[in-house]
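One structure is given below, encoded as structure tokens.
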Amino acid sequence: MSISYITFLIILIPERCKSWGILSLKLGSTVVVEVWDDDSGHIVGASHDFIDKYTSTLDNGRIIYPDVKSSKEKTEKLCGKRSCMIVTITLYCGPNFLVPDCRSYCVSRNDSLGHYRCNYVSGRKLCLEGWYDPHTNCVKKRKYCTPRNDSIGHYSCDANSGEKMCLNGWTGENCTQSE
């Protein structure tokens, strides 16, 4: 599943205007805000007049937080041709999506489909004890291995998989045959 959504929480517009928000948008989306004069029939020629337009791209170097609790507001000034508007923006990943880009969906598991937990702060899958290779959902079981250099074998152990790695000059299943 590859859903690339971040949450654009709230834009606060100061003075007599309402607060409003966008619940989710794809990364790279551009938010366009148009400003119109609403005469509401109180002025002769009661039509709505276009004032200005502001744009902002969501992944334009902004920090995206793992969740709403850890998120921080950032104030930005958006300018059009005739005016500017100051907005407060908060960006964070939706539930179970990993930073930095909210593209990777992750739910911790410990079953035949994977053995990992999700670290939403670092944005990584962390394999549970005894398992390795987060790129395959940690389905590879780590082998027990103790490095040796004696008559039983001449090998070191791979830190991730636990596979035996023959020392220079040795070969075979337990690295007991000299080359």
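Below are the figures for this structure:
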| item | result |
| --- | --- |
| Qualifying residue in the range 151-167 (condition: closer than 30 Å to residue 69 by Cα, in a strand (DSSP E or B) and at pLDDT 95 or above) | no |
| Among (1) closer than 30 Å to residue 57 by Cβ; (2) in a loop (DSSP other than H, G, I, E, B); (3) of a type in the set (Lys, Arg), the one test that residue 125 misses | (2) |
| Any pair with Cβ under 6 angstrom, 6 or more apart, that starts in the range 145-171 at a residue that is under 23 Å from residue 134 (Cα atoms) and loosely packed, with under 15 Cβ neighbours inside 10 Å and ends at one that is aromatic (Phe, Trp, Tyr) and at pLDDT 95 or above | 165/155 |
| Answer from 82, 117, 142, 124 - the residue that is at pLDDT 95 or above and either basic (Lys, Arg) or more than 25 Å from the chain's Cα centre (by Cα) (or both) | 117 |
| Tally of residues being surrounded by 19 or more Cβ atoms within 10 Å (Cβ to Cβ) and within 10 Å of the chain's Cα centre (by Cα) across the range 91-105 | 7 |
| Members of the range 51-69 found to be surrounded by 12 or more Cβ atoms within 10 Å (Cβ to Cβ), part of a loop (DSSP other than H, G, I, E, B) and either at positive phi or not basic (Lys, Arg) (or both), listed by number | 58, 59, 64, 66, 67, 68 |
| Evaluation of residue 101 against (1) in a strand (DSSP E or B); (2) in contact with a Leu (Cβ under 7 Å, 6 or more places away or on another chain) (one fails), failing number | (1) |
| Residue 161 vs. criteria of a type in the set (S, T, N, Q), within 43 Å of the chain's Cα centre (by Cα) and under 30 Å from residue 105 (Cβ atoms) | yes |
| Condition check for residue 147: touching a strand residue (DSSP E or B) at 6+ places or on another chain (Cβ under 6 Å) and over 26 Å from residue 108 (Cβ atoms) | yes |
| Residues of the range 110-124 that turn out to be without any contact (Cβ under 8 Å) to a residue 24 or more places away in the chain and closer than 14 Å to residue 96 by Cα, as a count | 5 |
| Scope the range 135-144; condition surrounded by 12 or more Cβ atoms within 10 Å (Cβ to Cβ) and over 14 Å from residue 112 (Cα atoms); matching residues | 142, 143 |
| Which numbered condition residue 82 misses (of (1) assigned to a strand (DSSP E or B); (2) touching a strand residue (DSSP E or B) at 6+ places or on another chain (Cβ under 7 Å)) | (1) |
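The values are calculated or read from the model by the stated rules, or taken from the named source; none is laboratory data. From a predicted model like this one, the values you see are computed outputs, not experimental measurements. Quick reminder, even Gly has a Cβ in these numbers, built from the backbone with ideal geometry, and neighbours come from all protein chains shown.
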